[in-house]
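One structure is given here, and the rest of the page talks about it.
The values are calculated or read from the model by the stated rules, or taken from the named source; none is laboratory data. Predicted model, so just to flag it, every value in this text is computed and none were measured. Heads up, the Cβs are rebuilt from the backbone with ideal geometry, glycines too, and the neighbour counts pull from every protein chain shown.
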Amino acid sequence: MSGASHTSTLHRYLAGGWALFLTRWSVPLIWLILLLLLTFGMSHMEGVFRLVEPDTREVIYRRTSFAALLGQHLLVVGVASLLAILLGVGAAIAVTRPAGRDFQPMVAQLASIGQTFPPVAVLALAVPALGFGTLPIIVALLLYGLLPIVRNTLAGLSGIDAGVREAARGMGMTGGQILRQVELPLAAPVILAGIRTSVTINIATAAIGATVGASNLGDPIISGIVNGNTAYIVQGAVLIGLLAITIDSLFDRLQRHRPLST
Amino acid sequence: MTIIPRRSNRVLLCLMLAGVLSWLMLDAVSMAPNRIVPGTPHRAHEVMGWWLSLLSLLPMLAIAALAWRPDTGRLRVALGLLVLLLAAMPLWLAAAVSALADPSMPQARLGIGPALWVLLFLWLLGVIELRTRLGLSRPMGWLLLVPVLLGWWLALSRWLEPLALYREYQGRSDQFISAVGHHLALVGAAVGASLVVGVSLALAMRRFPGLRRAGFGVLNFIQTIPSLALFGLLLAPLAWLAGRFDWLASLGVSGIGWAPAWLALVGYSLLPMVRNTYVALEEVDPAVIESARGMGMSRRQAFLQVRLPLALPVMLEGVRITTVQAIGLTAVAALIGAGGLGTFIFQGLGQAAMDLVLLGALPIIALALVADALLGALTERLRHGGAS
Amino acid sequence: MIELFDVTKRFGSETAVDGISLRVEKGEFCALVGTSGCGKSTTLRMINRLIEHSEGEIHLEGQPVRSFNEESLRRRIGYAIQNTGLFPHWTVARNIGLVPRLLKWPKARILDRVEELMGLLGLPVEEFSRKYPHQLSGGQAQRVGVARALAADPDILLMDEPFGALDPITRETLQGELRDLQARLHKTIVFVTHDMDEALALADRLVVMHQGRIVQQGRPIDLLRNPVDDFVESLLGGMDRGLKEAALTRVSERMMSFGPRLLASERVSYDASLSQALSVMLWHRVDRLTVVDDEDIPIGELSLRRLLGARSS
C-alpha cells in the first residue's frame, strides 16, 4: 500500500469520524455553545436587559463573573454527582452480593421512601447539621442524589434475566467476572437513567443552595429577588436553564447511543 | 411473603450497635438561654448520670439479642420495643428539660442534639427493616406510628414547652397554620389544574398522534428546567402582563406571588400526569377492549366502563408523583413570595435560626410522606378492587 | 463418570433431594425424569455445585466435587438450560467462546473452536457470528446454547430441559441433532426433562424421580416393560406405553426378507420406528409393508404379525 493512499484513507476515516461525532453530539453541542456564548457575552447585553429593567441603575449582575458562577455550579454538582455515583452504585452492588444481601430490603425501602423527601427540605436540613457554605450543599446533593442511583442500580441488577445469571455461574464465571462482564453492562442503561435523574435534580437543588451561602448560578436570581431586579433574575434563570438542558441532552444522547441497547 | 432467615439479622445488629455508639458518644441535647445565644451541648450521661444512661441502653441491647437468633415471635417483640423507644424519646426529652432547667432562665430553649437525630433515623430504619421481614401490611405499618405520635403529643402538650422547635411554633402558631393551608391550597390548585389539562392533553394525544411527539417533547423540556430558573423566567413576563392589563393585576397576578408559582407547578405537573394517563390508557389489554366491543358495548361505553377503570390505578400513580413533587416545589416557590411552609425555611436560613428552618422543613417532609402514603393506599385499593 | 452416594439436599426444613445414589458411566446419556418439583433439577445443579449438597458425596471421575475449585469445576462441565441464558449484550460468537476465554485459550484457538462448533450445530458462521441473541429464533438460540456448553470440549454435559421452551417441530429436530452429536462425541450427559417422550428418544438410561427420591432407573425398554409402580407407569404413558415401546424399536430390527407373496403396495423406511410402521398400517388398513432403504429401494418386508411378534432381545 502506497503512502499517499494510506494517508488519504486515514484522512477519510478521520473526516468520517468527525462527521459522525458531530451528527451524534450536535444537539448537546448547540446547547453548550449557546450556554458559553451567554455566559461570556452576558455583560455585553446591557441594551437587552435595559428593556426589562428601564429604571434600575445596574442591569447586569456584576458581583461575580458569570463564568465563575457557572464554574462553581458545575464543580458542586460534579463533585456531588461523582461521589453519589460511586457510593450509590457501590452500595447497590454491595447489597446484591451474597455478603450484603441481608441489607437489600432496607436499602431498597430507604431509597424509595427517601425520594419522597423534597430536595429543598433535605438541603434545609443539611444546614442545621453542617452550617452554611458549599460543604452542606455538596453533602445534601450527595445524599439526595444517591437515592435515584441506588434505586435504579438495584432495579437494573434485579431486572437481569435469571437464566443469564444462572448460565454465567454454570459456565464457571467468578462473582467478579459476572459483575463486570454480565451484570453491569446489562444494567448500564437503567443505571444511566438513574444518574440522569440524579444530576438533573442536583443542578436544580444546587441553585437553591445560593440561599445557604454557596455562590453559583442561583446567586443572581436570589439577589434579583431580594433587590427587586428582574434583569438579574432573568440572567441567572437563563443560564441555569441552559446548563440543565445541555447536561440533559448530553445524557439523552448517551442513552440513545449505547451500541447494544436494543 | 414472610422471609425469616435462621441466621442472625445482621441489619438490626448493625443498627443497634450504631445506636449504642451514638448514644454514648454524641451530644444528646443542647440548652440555650435564649434564641440568640448558641446552646451548650450535653451528652446523655451528663443529663442523667452514667448509671441511668447505661441502663437506658437496655432496650437496644435487648433488640440486638432478639436479632441474634430471630424468629417471627422474637422479631415481633423487637418491633414492639422499637416502637416503645420511639414513643419514649419525647418523654426522655421532657426528663432532660426538668434535669437541665434553670429557673433563672425562663426563655431557655432545648435543642435536639445529633445523638437523638441519629437514633431517630436508626430506629425508623429498624422499623422499616422489621416491617419488611415480618411482611406487615401498609396500614399495619401506619398503625405502629400511633403510639409514637401519642407520646410526642403528650410530651409536647405538658412538659416540652422549652423545646426550641416548639417555641418557634408557639411564636407563630397562627402563621404556621395559615402557611400549611396556603401550601396545601397551592399544591391542590396546581394538581387539580394539571389533572384537568393533563387528562385532556392525553386524550387529545390519543386522537392526534402528531401531537404526541411534540407534546412530550415540550413537557420533557419544561421538566428539565430547574425550578428556581422557571420561577424566575415566569416572573418577568407576568410582571409585564400585570402592568399591561389592570384586570390581571386586580386578580392578584404579578411577577411575584402565587401566579408564577402556580403556573410553574402546573408546568412541572403536566409531564407525569400526561405520561401516566397516556400510558395507562394505551396499555389496557386490547383483547379486553375487543371483547367489550364484541359483547356489543358502544365505543363510549367501552371507554367509560372498561378502559378508564382499568387505567385508573396508573393514572392515580401520576397524581401521586405530581402531588409529592408539587409539595416540594411549592417550598421553593416561597422564594418568589408564594407563601407556604417554604417561607419558614428561607426566613430561618436568612436569620440563621435553625429551629425555624426545621419548623418549615419537617412539616414539608411529613406532608410529602402522608400524601405519598394516602395516594399510594388509594391506588392499591383501586388495583385490588376489580382492576387488573 | 459421575457418582452420587446417598446425596441429600435440604432447603430450610424442606427436603428437595432425599438420599439418592446414582452412577452415570462415561459416555452414557442419562435422563432424569419426573414431575416438576421432584428434585431432578436440584440433583443436576448439585453436580456442578450451583447448589451445594447437604449430605452424602458426589464424585467426578472418582474425586469428590468439593475437592475442586467451584469455578474451575464448572469450566470443565458443559451446562445448557431451558432459556438458553445467552448473554444479550454479546454476539453469538462471543457467547460461544465464553468458557475458552475464561480458560485463557489463545485468541486464534478460540476463533477456530467457535467456527468449528458453529459448523457442528448448523449455524453458518458468516450469517450468525455477529448476530445478537435477540435476533435469533428459539431453535437457533438453543443451538448457540448447546454450542456454548460444548465450547471447551468438556467430557461431561449437564442439560436442564434445554428444549423445554421450543415448539414441537423444532424440539424434535434438535433432539435428532443432539442424538447424532452424541453418537459422534460420546459425552457423558445428564439431561433433565419432564417430557417422557424426549427422555425415551434420547436416553441410554432413564432415572425416574418422585418427591426427591429415585423411584426406578434402568434402560428405557426395561422401564417400559416393568414399571415398578403405578406412578412410573402413569408417567410412562399408561395405556400408551405400547406405542412408546414401539417407538423405541426400529423397523430394521423386525423386518424379514421377502416372502413368496407380491410386494406390498405401502412402504416404510427401514429407519422408521415400529410405532410409525403401525400407524402406516392403520392408516391404509393393511397388514403388510414393504421396507425400503434411503434410496427408496425395497429391501424387505414387515408384517403385522411380525410387528406384534415375539419380543426380540
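I'm checking my understanding of the structure. Among residues of segment A:111-123 that are out of contact with any Lys or Arg (no Cβ under 8 Å at 6 or more places or on another chain), in contact (Cβ under 8 Å) with a residue 12 or more places away in the chain and within 9 Å of chain B (Cβ to nearest Cβ), which one is nearest to residue B:343 (Cα to Cα)?
Going through segment A:111-123, the residues out of contact with any Lys or Arg (no Cβ under 8 Å at 6 or more places or on another chain) turn out to be A:113-114, A:116-123.
Retained after the next criterion (residues that are in contact (Cβ under 8 Å) with a residue 12 or more places away in the chain): A:114, A:117, A:119-120, A:122-123.
Then keep just the ones that are within 9 Å of chain B (Cβ to nearest Cβ); that gives A:117, A:119-120, A:122-123.
Details: A:117: 18, A:119: 16, A:120: 12, A:122: 15, A:123: 14 Å.
Out of the qualifying residues, it is A:120.
When you look at residue B:260, is it within 15 Å of residue B:338 (Cβ to Cβ), surrounded by 13 or more Cβ atoms within 10 Å (Cβ to Cβ) and within 14 Å of chain A (Cβ to nearest Cβ), yes or no? Show your work before the answer.
On the way: within 15 Å of residue B:338 (Cβ to Cβ): yes; surrounded by 13 or more Cβ atoms within 10 Å (Cβ to Cβ): yes; within 14 Å of chain A (Cβ to nearest Cβ): yes.
Considered against the rule, which asks whether it is within 15 Å of residue B:338 (Cβ to Cβ), surrounded by 13 or more Cβ atoms within 10 Å (Cβ to Cβ) and within 14 Å of chain A (Cβ to nearest Cβ), residue B:260 comes out as yes.
Yes/no matrix, rows are residues, columns are (1) assigned to a loop (DSSP other than H, G, I, E, B); (2) touching a Leu at 6+ places or on another chain (Cβ under 6 Å); (3) not polar (S, T, N, Q):
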| position | (1), (2), (3) |
| --- | --- |
| C:222 | no, no, yes |
| C:234 | no, no, no |
| C:258 | yes, no, yes |
| C:264 | yes, yes, yes |
| C:275 | no, yes, no |
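Being free of Cβ contacts under 8 Å to residues at least 12 places away in the same chain and either more than 9 Å from every other protein chain (Cβ to nearest Cβ) or not in a helix (DSSP H, G or I) (or both) is the filter here, so list the residues in segment A:199-257 that pass it.
In the first step, residues of segment A:199-257 are kept if they are free of Cβ contacts under 8 Å to residues at least 12 places away in the same chain; the result is A:211, A:225-228, A:241, A:256.
Listed by number, the residues that qualify are A:226, A:227, A:228, A:256.
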**Message:** For the condition more than 8 Å from chain A (Cβ to nearest Cβ) and in contact (Cβ under 8 Å) with a residue 12 or more places away in the chain, what is the one hit in C:86, C:60, C:73?
**Reply:** C:60
**Asked** Looking at this structure, is residue B:283 modelled with pLDDT of 90 or more and either more than 14 Å from chain A (Cβ to nearest Cβ) or farther than 30 Å from residue A:226 by Cβ (or both)?
**Response** no
**Item:** Subset of segment B:157-191 that is among the aromatic types (Phe, Trp, Tyr) and within 17 Å of residue B:366 (Cα to Cα) - its residue that is surrounded by the most Cβ atoms within 10 Å (Cβ to Cβ)
**Value:** B:169
**Message:** Would you confirm, using the coordinates I've provided, whether residue A:198 is over 16 Å from residue A:78 (Cα atoms), among the polar types (S, T, N, Q) and either surrounded by fewer than 17 Cβ atoms within 10 Å (Cβ to Cβ) or in contact with a Ser or Thr (Cβ under 7 Å, 6 or more places away or on another chain) (or both)?
**Reply:** no
**Asked** Do you know which residues across segment C:100-124 are in contact (Cβ under 8 Å) with a residue 24 or more places away in the chain and assigned to a helix (DSSP H, G or I)?
**Response** C:100, C:102, C:113, C:114, C:117, C:118, C:120
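Conditions (1) on the phi > 0 side of the Ramachandran plot; (2) surrounded by 19 or more Cβ atoms within 10 Å (Cβ to Cβ); (3) more than 8 Å from chain A (Cβ to nearest Cβ), marked per residue:
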residue: B:313; (1), (2), (3): no, yes, yes
residue: B:324; (1), (2), (3): no, yes, no
residue: B:327; (1), (2), (3): no, yes, no
residue: B:330; (1), (2), (3): no, yes, yes
residue: B:340; (1), (2), (3): yes, yes, yes
residue: B:351; (1), (2), (3): no, no, yes
residue: B:361; (1), (2), (3): no, yes, no
residue: B:366; (1), (2), (3): no, no, yes
residue: B:372; (1), (2), (3): no, yes, no
**Asked** What do you reckon, is residue B:215 of a type in the set (Gly, Ala, Ser), more than 14 Å from chain A (Cβ to nearest Cβ) and in contact (Cβ under 8 Å) with a residue 12 or more places away in the chain?
**Response** yes
**Message:** Given (1) assigned to a loop (DSSP other than H, G, I, E, B); (2) crowded, with 20+ Cβ neighbours inside 10 Å, identify the lone condition not met by residue C:88.
**Reply:** (2)
**Message:** Residue under question is residue B:292, and the condition is that it be surrounded by 20 or more Cβ atoms within 10 Å (Cβ to Cβ), assigned by TED's automatic domain parsing to the domain that holds residue B:238 and either within 30 Å of residue B:182 (Cα to Cα) or not basic (Lys, Arg) (or both); does it hold?
**Reply:** no
**Fill in**
All-but-one check, residue C:51 against (1) within 14 Å of chain A (Cβ to nearest Cβ); (2) without any contact (Cβ under 8 Å) to a residue 24 or more places away in the chain, failing number (2)
**Prompt:** Which one of the conditions (1) closer than 24 Å to residue A:78 by Cα; (2) within 8 Å of another protein chain (Cβ to nearest Cβ); (3) without any contact (Cβ under 8 Å) to a residue 40 or more places away in the chain; (4) not β-branched (Val, Ile, Thr) does residue A:156 fail to meet, given that it meets all the rest?
**Reply:** (2)
**Some residue of segment A:70-91 being in contact (Cβ under 8 Å) with a residue 12 or more places away in the chain, within 14 Å of chain B (Cβ to nearest Cβ) and farther than 30 Å from residue B:321 by Cα** = yes
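Looking at B:348, B:318, can you tell me which residue is more than 30 Å from residue A:226 (Cβ to Cβ), assigned by TED's automatic domain parsing to the domain that holds residue B:196 and either in a helix (DSSP H, G or I) or modelled with pLDDT of 90 or more (or both)? Don't jump to the end; show me each part of the working.
On the way: B:348 fails: more than 30 Å from residue A:226 (Cβ to Cβ).
So the residue among B:348, B:318 that is more than 30 Å from residue A:226 (Cβ to Cβ), assigned by TED's automatic domain parsing to the domain that holds residue B:196 and either in a helix (DSSP H, G or I) or modelled with pLDDT of 90 or more (or both) is B:318.
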